[in-house]
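Working notes, beginning with the structure itself.
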């Protein structure tokens with residue numbers, strides 16, 4: 001699996017922890033949209049697309065299965081975030 005494209009839209013809202021939204025294209029054939037870029041206590045991290053459950057919690061719609069793939073996503077997205085205007 002290879003990330004073939006990443007697009008980032010920065011969000012600049014005072015007081016908001018959300019700093020951007022990303023879309024990722026995998027192997028030029030599968031897209032994941034609405035990946036949030038969040039400012040946490042220890043720096044930026046990504047939050048995969050999710051939806052609210054009937055019990056009020058949230059459940060990821062799509063997500064990496066192992067830490068290596070999550071790091072690959074996070075590294076690629078945050079690299080594009082730093083380059084975005």
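Please tell me if residue 63 is in contact (Cβ under 8 Å) with a residue 12 or more places away in the chain, surrounded by 11 or more Cβ atoms within 10 Å (Cβ to Cβ) and out of contact with any strand residue (DSSP E or B) (no Cβ under 8 Å at 6 or more places or on another chain). Working first, answer last.
Details: in contact (Cβ under 8 Å) with a residue 12 or more places away in the chain: yes; surrounded by 11 or more Cβ atoms within 10 Å (Cβ to Cβ): yes; out of contact with any strand residue (DSSP E or B) (no Cβ under 8 Å at 6 or more places or on another chain): yes.
Yes: the conditions hold for residue 63.
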Among the strands (runs of 3 or more DSSP E) contained in the chain, which hold 1 or more residues that are in contact with a helix residue (DSSP H, G or I) (Cβ under 9 Å, 6 or more places away or on another chain) and at pLDDT 95 or above? 3-10, 18-26, 30-40, 43-47
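The values are calculated or read from the model by the stated rules, or taken from the named source; none is laboratory data. Since the model is a prediction, treat every value here as computed from it, not as a measurement. Quick reminder, even Gly has a Cβ in these numbers, built from the backbone with ideal geometry, and neighbours come from all protein chains shown.
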